[in-house]
Number of protein chains: 4
Amino acid sequence: MHTAVQSIGAHQPHASSVARVAIAGATGYAGQELLRLLARHPLVTITAAMSSGAPGVNGAERRLPALARLWRGDITPLASDTLVREADVVFLALPDAAAAELAPGLVDAGVRVVDLSGAFRLRDAAVRARWYPETHRLPDGVAYGLTELERAAVARARLVANPGCYPTATLLALAPLVAAGLIAPGSDIIVDAKSGVSGAGKTPSERTHFSECHGSVSAYGVFNHRHGAEIEQGVGGPVTFVPHLVPLDRGLLATIYVRLQPDATSGGRGEAAVAEIYERAYADATFVRLNGSALPEIKHVAHTNFCDIGWRVDPSGRAVLVSAIDNLVKGAAGQAVQNMNVMLGLDERTGLL
Amino acid sequence: MHTAVQSIGAHQPHASSVARVAIAGATGYAGQELLRLLARHPLVTITAAMSSGAPGVNGAERRLPALARLWRGDITPLASDTLVREADVVFLALPDAAAAELAPGLVDAGVRVVDLSGAFRLRDAAVRARWYPETHRLPDGVAYGLTELERAAVARARLVANPGCYPTATLLALAPLVAAGLIAPGSDIIVDAKSGVSGAGKTPSERTHFSECHGSVSAYGVFNHRHGAEIEQGVGGPVTFVPHLVPLDRGLLATIYVRLQPDATSGGRGEAAVAEIYERAYADATFVRLNGSALPEIKHVAHTNFCDIGWRVDPSGRAVLVSAIDNLVKGAAGQAVQNMNVMLGLDERTGLL
Amino acid sequence: MHTAVQSIGAHQPHASSVARVAIAGATGYAGQELLRLLARHPLVTITAAMSSGAPGVNGAERRLPALARLWRGDITPLASDTLVREADVVFLALPDAAAAELAPGLVDAGVRVVDLSGAFRLRDAAVRARWYPETHRLPDGVAYGLTELERAAVARARLVANPGCYPTATLLALAPLVAAGLIAPGSDIIVDAKSGVSGAGKTPSERTHFSECHGSVSAYGVFNHRHGAEIEQGVGGPVTFVPHLVPLDRGLLATIYVRLQPDATSGGRGEAAVAEIYERAYADATFVRLNGSALPEIKHVAHTNFCDIGWRVDPSGRAVLVSAIDNLVKGAAGQAVQNMNVMLGLDERTGLL
Amino acid sequence: MHTAVQSIGAHQPHASSVARVAIAGATGYAGQELLRLLARHPLVTITAAMSSGAPGVNGAERRLPALARLWRGDITPLASDTLVREADVVFLALPDAAAAELAPGLVDAGVRVVDLSGAFRLRDAAVRARWYPETHRLPDGVAYGLTELERAAVARARLVANPGCYPTATLLALAPLVAAGLIAPGSDIIVDAKSGVSGAGKTPSERTHFSECHGSVSAYGVFNHRHGAEIEQGVGGPVTFVPHLVPLDRGLLATIYVRLQPDATSGGRGEAAVAEIYERAYADATFVRLNGSALPEIKHVAHTNFCDIGWRVDPSGRAVLVSAIDNLVKGAAGQAVQNMNVMLGLDERTGLL
């Protein structure tokens, strides 16, 4: 029963491959997660994995020991002409400014793009100019990639702006209630979110130094976080958004406070009213699991593409929604692959379960 | 320079001792912290440390190895007559029901009591009956021991009901603003709190099993937590309180969302208005540190009796208050010692810096 | 692009299924990991998942929220006749005594068994009687399931005794060097191992209470751990084995100290000598990754079936071997599936990459 | 009972102060711990706290929020003439090269120095030149500051080389057994040590990035760590030393493997033989706690100056010693204060219990 040592995802396309894919920014946390997911995806072939870091870097085995035997290939320097030549779909896991500069040209050259940066997420030009001043030009055919709520737009997009991790967890819980008109007029919308430290990226800093995070919790970015603008775009109004750093690696939990329409929640009917809306919105959404009053926990979604949502409503209409994701999967690389599946006309779950 | 091995806090009263103190419930987390603090307190002598656990238990060195050489004494079985005979002040770090039963008799016998349970925290009989049905009788002379705001009442009390950890962090931030009338009428008050796992006590359970907490965050007790009632008592109105378990041992951070009086916050004056109220309220409070817009973090208060408070207010009057404590010190044993100091007429900081 | 919500691994056998499998003890940590792996295995069908816990328990969604949508089925009470009737291969993830009692009957009834307990790991009757006195009868056809080194025996076994987590990491590093005669005669063999807390199982205890483990490291079981006997069986001589509990959930790192044959390591040739032996032993072993002098870390193997091995040898022949696995995957459920694959004549990697 | 807000440890010397002390390198982790300990020391006054970092930095409250109200003073730029003028004892918590350059001049100018760097720990010039090539000149009157074993030398020293964290834990366990001749001739001495991440200092790096440490354990510096040379100096022979990084902030546990003299350990007398030696060596050592066969754990020593030692010996003479300290207290700042106490003729425990 000899099983020769070999890797999955080598350069040769699978017989069954329907698309060639490339990753720009493959050594960051989202980039590595993309490599892991795409290497085992049965219907695509990784043709390039690039890093904008120091040149001289090739030899992924040495740089990415976790991926040895899962992916065989080299990390190469970023080269947009190679991306155009060798890939049908390009994932950008780059800093905002780099993505803002690179993406339009790729789209012009006919490549389809899934962009994990924030450069193209905000539709309103003035708002975008405030939060992403690096974004000078929008390519044609941009869709916001909150897959479950934007499938049709994603399917025909040239560039999918993959949502931020906080907006993903928050909007999957809030957007259906807003759309259904269940939020009371004038209700404050408050989002208190807790994220693992991998959300801050791979570049060392005092804030993400182990001894500064371990045993601590801190709020940051109050009234001043770009994901707040993205959440406000999604709900169409003002939101108080406060993210917190908690001492774990992967995962994000958003606790959301709103008041519901009194007539819809009287007599203790509030939780059922919320349930009905969610069940309709997510009837065909494998990756959204509805927990009802059993509130979600990060451990149940870590290392998966699921978003778990739970809720409680009191008789006076006060509602607490809790939403949990893995920030690197449903909040980044997993949703990016889900979007790619939709763009390619595949079952959106392919390679993700 | 030989220094014979010896312990601090042995049975012999210090020359300078002004009171004999005893601990009922000395092996739980709050009880151990009381032992640690009282053993090095320069003006009191520990005369008894009792546990309600299995009898046969004596030999604290074996049970409490962290305290070896810091405190020398035996853990003895709970015996109320010994408490009455040997102590001037008794700390109860017992389950609610045990404290509810034991405390009134101690007070009747002339002992002063600092009770770390919830049994006597709620003043309204109906509310208390709902949350603490075990409490059948209130002793005379009960004060609520949020020291900074209740010094006079604590000084003359026979029994101090030491506040819960969540209410301590929350009310130190909220109560001065409520008292000053700065909260906008009709504003929702939302408290999203994050606590280390030691707050759940020392009894093993699935919820506090290492592998269930590590790498996870979860909300619990939504619309149904006794500390919510205690916070509502403190602010005199309804509060939405959602506690969360975060993967660290000690520390608690409360993020509080309110709307302030529009006329007090217009023109960007909101943060200064909050600052002025806090500075007046805490002018003589060593243990409340005002951080302004530099928001507190758990690591700065861990293992201390400090409560750090920070705040942000936007031009529309939305305010975010952040308050951090060590749940076992300012949220339990430290505040209990602070209350004892006030009861005994000592500088409230004695033994706590 | 509607994708109806559905689960993978429902009761209907896949068209391609080659075997029906059942799990006894499906709610413990190893049992849950088995469910996760087997639910996505393309060539087997889960026909039963049983728990020896309280009866009344059915409704896995409620008990195992992490597995919702990944596996659809009920946890049922343990019933050996059902196992015999409905499964070709049964995984036992039970306490030692329960496995010792259940396994022989299953084998007699013609079912093949992968046992994750320790009941059948020790071959010598006297040694087994000391460490596993619950094991009264050995079934026929027992193999020790350290897959890479026992493939032929596993392939024909009726019962595979799946190795302990510590022995797996240790023996994959040590056994080839012992077999090749590279260890110096008379050399002490010292194994200092560090394990995540999930290795202690799911039953709450003081030792595995979050607040007791967080921020701490402790040694345990010195000269008195059953895995020490299993390691000694594997190397054929005495071993000093000291396991430690470290504050993480999943993963195990063994640091091994031996002296090598002086003539094989002189002139700085020691590391090459070790490399040559490993490369030969693991030429066809996808799941053993040889890191050379770049020592393994737990993070690179967490959530995978890999065992990473690194080594350093100094000119005097002192060698340090470092071996890392995920204790719940290669140290339990993953290796169990790997063994099942070998028993069924499948590629041993099926469902594991 | 008004208690004006004020700090402890302000610039004015206490009435009872016997010495003026200064810290060079006050913002690193050891430096902050020195500030914390010295600010509450009853018999010394902090006259300067300096940082070699960017100038412009003054306003410790902003840089060191954890110390607000515990110490009131400014962090000032490093200035050796000020140290000479304003301090009787200077603590150097600087990088090796900076300490190597600064210390001799301070000693020449009559200041007594406690140096927390490694620059002056190694006595043998050739060994020192290999590991600390930055050290060009040794001041007169250097003592190695493993307090319990070097009190007389420390008392008269001009410069105390404060031991490294790994050597402190290791040598307190090993040195008495070596001195008593209990180690078997030719026995290997193996030290497998596990340290919290604060031991790596405050400068952010990929290795100490939260997401790289959390959930992982790694070995490093095999056959090539400066603390190995320091341990070998302490035992007078070769030692195999392998440090590991474990995911906690503070604390260090060393597991030590040796063989004892057969005639001293036969008949199961090994543990008693070890106990007798330790009890004699540490009869007057408050900070060394002897646990016997109840092995130490990091949690029992965290935030204290204790070193806990436990041991097991089997009938064949194999011994496992386990030693635990807080790397920032007994492994750095606490032992430095203990050494200062000895230098000043004070009770060595002053300010440390």
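When C:A119, C:A129 are checked against the criterion of being without any contact (Cβ under 8 Å) to a residue 40 or more places away in the chain and in the same structural domain as C:A79 (by TED's automatic domain parsing), a single residue qualifies: C:A129.
Can you pull out the residues in the range B:268-309 that are free of Cβ contacts under 8 Å to residues at least 24 places away in the same chain and buried (at least 22 other Cβ atoms within 10 Å of the Cβ)? If the condition is that a residue be free of Cβ contacts under 8 Å to residues at least 24 places away in the same chain and buried (at least 22 other Cβ atoms within 10 Å of the Cβ), then B:R289, B:D308 are the ones that fit. If a residue must be in contact with a helix residue (DSSP H, G or I) (Cβ under 6 Å, 6 or more places away or on another chain), more than 8 Å from every other protein chain (Cβ to nearest Cβ) and of a type outside the set (V, I, T), how many such residues does the range A:279-323 contain? Residues flagged as in contact with a helix residue (DSSP H, G or I) (Cβ under 6 Å, 6 or more places away or on another chain), more than 8 Å from every other protein chain (Cβ to nearest Cβ) and of a type outside the set (V, I, T) within the range A:279-323 amount to 9. Scanning the range C:265-292 for residues that are modelled with pLDDT of 95 or more and either of a type in the set (G, A, S) or not assigned by TED's automatic domain parsing to the domain that holds C:V197 (or both) yields a count of 8. Taking the conditions (1) part of a loop (DSSP other than H, G, I, E, B); (2) at pLDDT below 95 in turn, A:E61 satisfies each one other than (1). Checking the range D:345-353 against the condition returns no match, with no residue being more than 20 Å from B:A66 (Cβ to Cβ), crowded, with 21+ Cβ neighbours inside 10 Å and more than 11 Å from every other protein chain (Cβ to nearest Cβ).
Checked against the criteria, B:P167 counts as closer than 25 Å to B:V288 by Cβ and either touching a residue at least 24 places away in the same chain (Cβ under 8 Å) or surrounded by 18 or more Cβ atoms within 10 Å (Cβ to Cβ) (or both). Name the residue that is nearest to the other protein chains (Cβ to nearest Cβ), counting only residues in the range C:171-183 that are part of a helix (DSSP H, G or I) and of a type outside the set (V, I, T). Step by step, filter the range C:171-183, then rank; the result is C:A173.
When we screen D:A184, D:A180, D:A173 for residues that are small (G, A, S), under 19 Å from D:A283 (Cα atoms) and either crowded, with 24+ Cβ neighbours inside 10 Å or touching a strand residue (DSSP E or B) at 6+ places or on another chain (Cβ under 9 Å) (or both), the only hit is D:A173.
Residues in the range A:300-314 that are aromatic (F, W, Y) and assigned to a loop (DSSP other than H, G, I, E, B): A:F306 only. Scan the range D:226-260 for residues that are touching a residue at least 24 places away in the same chain (Cβ under 8 Å) and touching a Pro at 6+ places or on another chain (Cβ under 8 Å) and jot them down. Passing the criteria: D:H227, D:E230, D:I231, D:G234, D:V246, D:P247, D:L248, D:L253.
Residues that are more than 23 Å from C:A200 (Cβ to Cβ) and not hydrophobic (A, V, I, L, M, F, W, C) within the range C:145-181 comprise C:T147, C:E148, C:E150, C:R151, C:R156, C:R158, C:P176, C:G181, listed in sequence order.
Taking the criterion of being outside any helix (DSSP H, G or I) and among the aliphatic types (A, V, I, L, M), the residues of the range A:325-353 that qualify are A:I325, A:L328, A:L344, A:L346, A:L352, A:L353.
The values are calculated or read from the model by the stated rules, or taken from the named source; none is laboratory data. All values reported here derive from a predicted model rather than from experimental measurement. When we count neighbours, we look across all protein chains shown, and the Cβ atoms used for this are built from the backbone with ideal geometry, even at glycine.
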